[in-house]
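Novice: Provided herewith is a single structure, encoded as structure tokens, for subsequent inquiry.
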Amino acid sequence: MPVSSTRLPVRKAPEAAPSSRASGSKGAGRPGLGWAVPGLLFFTLFAIVPMIMVIVLSFTSWQGLGMPSFNGTENWSRLWNDPVMRQGITLSLLLTLFSWMVQTPIALLIGVWSAGRQRARAVLSAIFFLPLLASSVALGLLWKSLLDPNFGLIADIGPWIGFSDGNLLGSERGAFAAIVFVASWQFIPLHTLLYQGGARQIPKSLYDAAYVDGAGTVRQFFSITLPQLKNTIITSSVLMVVGALTFFDTVLILTEGGPGTSTAIVPYHMYNTGFEAFEMGYASAIATVLVIVATGVSLLLVRITGFGAMRSTREGM
């Protein structure tokens, strides 16, 4: 008898589910544009619009009351010939340079040290970060009292650092050094926090391998820690540059731009012109230059370091 052949049903392979990118699903990958709308609106209303208004005011003459009157490029011509402005730009750039030179190595070392898991390090780190919780105005008043040549601490330690009368703020170099010191004391904890977080993200296996190869602590720091913290250093430097170029309140309280105009950095000159002399149009021109300088220095830093070429390591970003 012929054997009848029985055909088994052929199962079709399940179709692959369309990827989230192909189907347009927002379940994974890059978030949709809608998520950026609140941030874009906030940035537009509180950054772009005021910036445009300041640029428009820089071409007017206005005392803060009434309607501004258009005066063409008079403010910009005056700005070009203003010796206080030229001095302010130089002082702001010097403040930025010295702040970076002082804050970066100290914040880096303390940040790497505080990344340890010991309880003592956590307690000391919490105490060290206290200046971040205080107001800049309060800290300025505190340091002004400490640097008072009659009643402050500087009256006792002044002779040790070359100021026999303790009048540190009465000297041009002393006043500028005091601003650099106070600014560094105030903002080093912020950058330390950045380095602490960056150091804790370095894989422990790198240090274990270096230890097996016989590398000591110093060698591990320069061969592993520093290269791994490159992006953190760049981020901290950009924040430091922008912060130093817009530094203002401590200068107002501590030195008021003095002695003379030796500490009249650009933000203070802008404040003094706008809110003391009531020349809002000219102050707007100064503010515009400040934005241009800060943006230019930040972009130059990003360009030199290659920070703009970085890409996210998160999948889909």
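Novice: Starting from the Cα of Ser145, move 7 Å in the Cα-to-Cβ direction to define the label point; list residues of the stretch 184-200 whose amide nitrogen is under 18 Å from there.
Specialist: 186
Novice: Taking the Cα atoms of the chain, report the difference between the largest and smallest coordinate on each principal axis, in whole Å and largest first.
Specialist: Projected onto the principal axes, the Cα atoms of the chain cover 123, 62, 31 Å.
Novice: All other residues with a Cβ under 15 Å from the Cβ of Pro68 taken together, and with Lys, Arg as +1 and Asp, Glu as -1, what is their net charge? Display every interim value, and only then the final one.
Specialist: Numbers: positive: none; negative: Glu74, Glu279.
That works out to -2.
Novice: Moving on. Provide the gained length on full extension for the span Thr44 to Trp185, in nm with one decimal, where the gain is 0.36 nm per separating residue minus the Cα-Cα distance.
Specialist: Details: separation 141, 0.36 × 141 = 50.76 nm, distance 3.33 nm.
My answer for the length gained is 47.4 nm.
Novice: Once every Cα of the stretch 34-114 carries one equal point scatterer and solvent is ignored, give the base-10 log of I(q)/I(0) from the Debye formula at q = 0.14, 0.22 Å⁻¹, two decimals.
Specialist: Scattering profile of the stretch 34-114, log10 relative to I(0): -0.85, -0.99.
Novice: Taking 7 Å along the Cα-to-C-beta vector as the label spot, tell me the Ala122-Leu299 distance in nanometres, rounded to one decimal.
Specialist: The two pseudo-label positions are separated by 4.5 nm.
Novice: Lys and Arg at +1, Asp and Glu at -1: add these up for the other residues within a Cβ distance under 13 Å of Thr255 and post the number.
Specialist: Values: positive: Lys144, Arg173; negative: Asp148, Glu172, Asp249, Glu256.
After counting each charged neighbour, the total is -2.
Novice: Given Cα pairs under 8 Å that are at least 6 residues apart, what percent is the relative contact order of the stretch 109-171? Walk me through the numbers before you get to the answer.
Specialist: Details: 41 pairs, mean separation 10.8, N = 63.
Reported as a whole number, the value is 17 percent.
Novice: So how far, in whole Å, is the C-alpha centre of the stretch 213-237 from the one of the stretch 50-79?
Specialist: 49
Novice: Is the shape of the stretch 139-206 rounded, prolate or oblate, going by the alpha carbon gyration tensor and its root eigenvalues a ≥ b ≥ c, with a/c under 1.5 for rounded and a/b larger than b/c for prolate?
Specialist: Values: a/c = 3.58, a/b = 3.05, b/c = 1.18.
Judged from the Cα gyration tensor, the stretch 139-206 comes out prolate (a/c at least 1.5, a/b above b/c).
Novice: Still on this structure: Taking the Cα centroid of the stretch 103-158 and of the stretch 263-305, what is the distance between the two, rounded to the nearest whole Å?
Specialist: 28
Novice: Using only helices, what value at 222 nm comes out for the chain when you add -39,500 (n - 2.57) per DSSP H run of length 4 or more and divide by the total residues, to the nearest 500 deg cm²/dmol? Mind showing how you got there, number by number?
Specialist: Details: 15 runs with 180 residues, N = 317.
Mean residue ellipticity, 222 nm, calculated: -17500 deg cm²/dmol.
Novice: Check which residues have an amide H placed less than 5 Å from Thr60's amide H, if you skip close sequence neighbours.
Specialist: Distant-sequence amide H within range of Thr60: Asn71.
Novice: Right, here's the next one. With each pseudo-label sitting 7 Å past Cα toward Cβ, what's the Ile106-Ile202 distance in nm, one decimal?
Specialist: 2.2
Novice: What number comes out for the charge environment of Ser237, summing +1 per Lys or Arg and -1 per Asp or Glu over other residues with Cβ under 14 Å away?
Specialist: Values: positive: Lys230, Arg303; negative: none.
It works out to a net charge of +2.
Novice: Can you figure out the FRET efficiency of Ile52 with Leu239, using R₀ = 25 Å and their beta-carbon distance, to the nearest 0.05? Mind dumping the intermediate values first?
Specialist: Numbers: r = 25 Å, r/R0 = 0.99.
Efficiency, from the Cβ-Cβ distance: 0.50.
Novice: Taking every pair of Cα atoms in the stretch 174-278, average 1/r, invert it to obtain the Kirkwood radius, and report Rg/Rh to two decimals.
Specialist: Details: Rg = 20.1 Å, Rh = 16.5 Å.
That ratio is 1.21, to two decimals.
Computed from the coordinates by the stated procedures, all read-outs in this text should not be read as laboratory data. Quantities reported herein were computed from a predicted structural model and do not represent experimental measurements. As a convention, Cβ positions derive from the backbone with ideal geometry for all residues, glycine included, and neighbour counts pool all protein chains shown.
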